[in-house]
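Taken together, the values in this text are just the output of simple stated rules run on the coordinates, not laboratory data. Predicted model, so just to flag it, every value in this text is computed and none were measured. Heads up, the Cβs are rebuilt from the backbone with ideal geometry, glycines too, and the neighbour counts pull from every protein chain shown.
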Amino acid sequence: MTEMSVLESAKPPPLLSIDNLCKTYIRGDDQVTALINITFELEQGCFASLAGPSGSGKSSLLNIIGTLDTPDQGSVYLLGQPITYTDTSFTEQLRRTKLGFVFQNFNLLPLLTAVENVELPLLLTDLTAARRREKACTCLELVGLGDRLHHFPRQLSGGQQQRVAVARALVRDPKLVLADEPTANLDGKTAENLLELMRSLNKKSGVGFLFSTHDPRILNAAKKIIFLHDGRMQL
Amino acid sequence: MKWLYLAARNVLRHQRRSLMAVTIVATGTAALLVALGYMLATFWGLREMTIRGELGHIQIGAPGQFDAVAETPLQYGLETDTVQKLQEHLKEMPGTKDVLQRLLFEGLISTGNTTVAFVGQGVEPEKEIRLAGTSLPLLSGTPLPLPTHPDQMQTLLAVDLARSLGVKPGDTVTLLSTTADGALNGIDVQVSGIYVTGVPEYDKRALLIPLPAARQLMKSERISRLVVVLKDTEATRSVQAEIAEKFSKIDTRQWLDLAPFYKKVVTLYHGIFTVMGVIILLVVLLSVTNTMLMSVMERVREMGTLMAFGFPRNRLRANFGLEGAIIGGIGGGIGLLVAAALAYGINALEWMMPAPPGRTMPVPLLIFVDGGLYTTIFFVMVALGGVAAWFPTRYIVRLNIVEALGHA
């Protein structure tokens, strides 16, 4: 074995590897091609963004990476492991353990307090109630909401709600957080703060972030940007 | 526990809607329990009336007594020595309360001016009074004399029979019947009292006389049947089996075999209450289903979020099921309390109901509070709540996560 091949074999697998991904939606009699031959890789601990105008396929791609939707063609690998989209229990397990989600509309459960919302993904683990609460509190402190643990979403500002959503995405220590337009519903200053928070979390914990956005602040902060237009990658 | 807690929080989310569903479940539960309590009390009352008013728990006769048509009176009667052996054995049995001898006969009763047909029984008065309690009330006069009384030639006439003869206590009537040998015989008896059987046909024809008087009329030492009274009605079948095993040359019947009327009433009531119960359960089911459907439809995005975090669809369905079960449980629990309060209240008022079909005496309005029944209905309501959530949550199985996340 050559020195080069030894080095190559010791290299960690990419966080995300997408190969020739295609997706077409059928709406009535119409066919809408959302993604065409998408191929790229993201390294572990990345801070990357999908950019492009509305309807370019950003959200579709993010949904497929997050196993919320299925591709028509192509493969997606997470940490070198192929994602089997037809195996529901596998994709559920993947979303529980390796992926985190931050949504444009925060999607917090109004019934639950901030700490209970963050604790929610931990309900599917074997952790004790005390340990779950401890982890949720730690995550909320990490996003600067240690003093808002027992506030309901309606009692929090938009920025604070999105921070709770970030804490919820991180609570199970995922490898990749998928954030769909996370700053779209936030004012400029709040959006900047949130972006700064996610960047610092990325640096501290090494968790990868992949955004779908057209917010220039995120695009500026991203270490890698994948441009999409009409479902195709643009170099 | 964590899921139950989450489900309870969701139930409390829309308090007014949940309250409405709980109220309907509670009302249904209370209605069902009061109706079933009334049914059980009716069965119990009718059973006791049947046992105490006439049949006892078990009747014993010679083979042929219950099925064959006798050519002569007492053809299928029990001999004295058999009766003695049976009585000795039955007294030893722990479940036996009393053993009564009865001699059945029929004939004509006459005042001299009026003669009508009768159906008579020679009885042991003291034991019959113990058995009947208040089931065969005396309208006038005195009960039949005890065996120690010097004058055994007395009779109790059923109310309509006495009326048709125009007699009252103290009057003398003549009883004419065919003896065990087939000859005609008559005795004069004094009317000691007038009683009510509760059954119109018996009220027109029945009379009772002391056993010695009946033996004198029938000119036989045989009796027709032994009537066994038990301490516990539930033991009827086992005691009957034990008697049949011990004595081979006899025939036995339990009260249920001799009470076709009771069976008909039970069948009729079962039919009525089954239809009513199904309707009530259906109303409860639809109400909780409606509540759960609204809950599912307004939480579509929430479900999308949970599924995005890896919650299995069946887990979500199960949680909606738990919410339904909680509504069923709370409603059921309140319903139990309301039903028990209603039952105790109505029982305390001691209202009387009109005489049931085939009877002449009014019966008290009773509603039973049965622990087993209440427990069963409570769990039925909990299960019904869970099942009610099952149908609306079929939607979740087909739910597309991306569409759910974009749901308004």
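Summary table
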{"item": "Average partner coverage of B:302-308, which counts Cβ from other chains inside 10 Å", "result": "6"}
{"item": "Charge dipole (segment B:1-143, unit charges on Cβ, about Cα centre) - positive-most of B:Met49, B:His14, B:Gln84", "result": "B:His14"}
{"item": "Antiparallel %, DSSP beta bridges [both residues in segment B:115-235], to 5", "result": "55 percent"}
{"item": "Tail beyond 25 Å, pair distance distribution of segment B:243-386 (Cα, percent)", "result": "56 percent"}
{"item": "Overall form of segment A:1-141 per C-alpha gyration tensor (a/c, 1.5; a/b vs b/c)", "result": "oblate"}
{"item": "Segment B:2-44 shape via C-alpha gyration tensor axes, a/c threshold 1.5", "result": "oblate"}
{"item": "Relative contact order of segment B:119-172, defined on C-alpha pairs under 8 angstrom at six or more residues apart (%)", "result": "30 percent"}
{"item": "Rounded, prolate or oblate (a/c below 1.5 giving rounded, otherwise prolate when a/b exceeds b/c) for segment B:285-336 by Cα gyration tensor", "result": "prolate"}
{"item": "Residue exposure sequence - B:Ser177, B:Ser220 - by fewest surrounding Cβ within 10 Å", "result": "B:Ser220, B:Ser177"}
{"item": "Student exercise, chain B dipole from Lys, Arg, Asp, Glu Cβ charges, in Debye to nearest 20", "result": "2300 debye"}
{"item": "Fraction of beta bridges assigned by DSSP in chain A that are antiparallel (%, nearest 5)", "result": "55 percent"}
{"item": "Proximal aspartates and glutamates to A:Lys11, defined as alpha-carbon separation beneath 15 angstrom and excluding residues fewer than eight positions away on the same chain", "result": "A:Glu3, A:Glu41, A:Glu43"}
{"item": "Segment A:142-206-segment B:271-317 distance, computed between alpha-carbon centres (Å)", "result": "34 Å"}
{"item": "Order of A:Phe152, B:Phe368 - criterion: other Cβ atoms within 10 Å of each residue's Cβ, fewest first", "result": "A:Phe152, B:Phe368"}
{"item": "Dipole moment magnitude, nearest 20 debye, the protein assembly as shown about Cα centre, only Lys, Arg, Asp, Glu C-beta charged", "result": "2000 debye"}
{"item": "Charge-dipole axis of segment B:40-168 as Lys and Arg at +1 and Asp and Glu at -1 on Cβ define it, positive-most pick from B:Ala158, B:Gly61, B:Val123", "result": "B:Ala158"}
{"item": "Residue order, fewest to most surrounding Cβ atoms within 10 angstrom, among A:Thr138, A:Thr183, B:Thr252", "result": "A:Thr138, B:Thr252, A:Thr183"}
{"item": "Residue among B:Ile367, B:Ile209, A:Leu124 farthest towards the positive dipole end of the protein assembly as shown, charges placed on Cβ", "result": "A:Leu124"}
{"item": "Cβ charges +1 (Lys, Arg) and -1 (Asp, Glu), total dipole of segment A:168-222, debye", "result": "300 debye"}
{"item": "Centre separation in Å (Cα based) which lies between segment B:160-189 and segment A:57-100", "result": "100 Å"}
